[in-house]
1. Looking at the range A:173-224 only, could you name the residues that are among the basic types (Lys, Arg), closer than 22 Å to A:VAL159 by Cα and touching a helix residue (DSSP H, G or I) at 6+ places or on another chain (Cβ under 9 Å)?
2. Here is a check on your reading of the model: is A:GLN117 within 30 Å of A:VAL10 (Cβ to Cβ), more than 16 Å from DNA strand B (Cβ to nearest atom) and either among the hydrophobic types (A, V, I, L, M, F, W, C) or surrounded by fewer than 21 Cβ atoms within 10 Å (Cβ to Cβ) (or both)?
3. Residue check, A:LEU101 against (1) surrounded by 11 or more Cβ atoms within 10 Å (Cβ to Cβ); (2) of a type in the set (A, V, I, L, M); (3) in contact with a Phe, Trp or Tyr (Cβ under 9 Å, 6 or more places away or on another chain), all met but one. Which one?
4. For the range A:67-111, what are the residues that are hydroxyl-bearing (Ser, Thr, Tyr) and within 20 Å of A:ASN124 (Cα to Cα)?
5. Would you check if A:LEU41 is away from DNA strand C (no atom under 16 Å from the Cβ), part of a strand (DSSP E or B) and more than 21 Å from A:VAL245 (Cβ to Cβ)?
6. Within the range A:77-85, can one find any residue that is near DNA strand B (Cβ under 10 Å from one of its atoms), part of a loop (DSSP other than H, G, I, E, B), closer than 21 Å to A:PHE247 by Cα and among the hydrophobic types (A, V, I, L, M, F, W, C)?
7. Has the range A:85-100 got at least one residue that is more than 16 Å from DNA strand C (Cβ to nearest atom) and of a type in the set (A, V, I, L, M, F, W, C)?
8. Considering the range A:151-179 alone, what residues qualify as being away from DNA strand B (no atom under 14 Å from the Cβ) and surrounded by 15 or more Cβ atoms within 10 Å (Cβ to Cβ)?
Amino acid sequence: MSISSQEELVKQWESEQASLRQQVVDEDTEDWQRSPEFPGLERVGGVDLSFIKGDDVNACAQLVVLSYPDLELLYEDSRMVTLTAPYIAGFLAFRETPCLLEALQHLEKTQPNLLPQVVLVDGNGLFHYREFGLACHLGVLSGLPCVGVAKNLLQVQGVTKSEEHQSQIASLQRGGDSFPLTAASGRVLGKALRSSDSSTKPVYVSVGHKISLDTALHLTHSCCRYRVPEPIRQADMRSREYLRVHFPTTAD
DNA sequence: GCGACAG
DNA sequence: ATCTTGTCGC
């Protein structure tokens, strides 16, 4: 792809993000979100993509639905997809949303009773350059509540891996502890969460759609058996397993 | 030229 | 995302 055509693509994507961003709902909209016990919440989804080494076009898109609060597998869908859009930081959604949306729509059409009530997404939501990351994108297009959970800090809007940030991480004492990720504007775009007692490195939680930040944080923590919340962890493991079985590494 | 760059 | 097994420690 030529430099100029990529510049044009980015311009088009920026305008699309600005437009869709207005549809994000950063508040609780569901009945189950009203109480900290999440009464009525029975199904939590997780999505992820895995790639074959050296191939950035063919990938395995994974959707899992786990029971809540037991976090047991209710449904899983692994599908090979062909990605057309390139990966450009800040525009991950244009690469991953289409196939994830298809997986959700397929489930809604075939087994609507298993459709998740909220989806945990591997990546950011409002914690994003233009406050419209993958979790917001998938949320708006699917209409489902979504939460962004990133494993690495995106340095954006003045939030950096500074010594101050490092010391805030060090101050997280136990699972559930968190601190806000505040933009230069003063707006809180997300929170760093120590997801379990036994993990030092936090995960970065932000609103995707139809959920408040505090509810997103509490839900994420409630889904953690290990550092990465179980829905995303299961999606990740199962998509890798799918590739291992169907595209075994050629032994030399 | 150097650093940053969700997945 | 992926390259990569064992190993040290709680």
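1. Passing the criteria: A:LYS191, A:ARG194, A:LYS201.
2. Considered against the rule, which asks whether it is within 30 Å of A:VAL10 (Cβ to Cβ), more than 16 Å from DNA strand B (Cβ to nearest atom) and either among the hydrophobic types (A, V, I, L, M, F, W, C) or surrounded by fewer than 21 Cβ atoms within 10 Å (Cβ to Cβ) (or both), A:GLN117 comes out as no.
3. The one condition A:LEU101 does not meet is (3).
4. Answer for the range A:67-111, where residues must be hydroxyl-bearing (Ser, Thr, Tyr) and within 20 Å of A:ASN124 (Cα to Cα): A:TYR87, A:THR97.
5. Considered against the rule, which asks whether it is away from DNA strand C (no atom under 16 Å from the Cβ), part of a strand (DSSP E or B) and more than 21 Å from A:VAL245 (Cβ to Cβ), A:LEU41 comes out as no.
6. yes
7. No.
8. Of everything in the range A:151-179, those that are away from DNA strand B (no atom under 14 Å from the Cβ) and surrounded by 15 or more Cβ atoms within 10 Å (Cβ to Cβ) turn out to be A:GLN168, A:ILE169, A:LEU172, A:GLY175, A:GLY176, A:ASP177, A:SER178, A:PHE179.
The values are calculated or read from the model by the stated rules, or taken from the named source; none is laboratory data. For clarity, every value in this text was computed on a predicted model and none was experimentally measured. We place every Cβ from the backbone using ideal geometry, glycine too, and count neighbours over all the protein chains shown.
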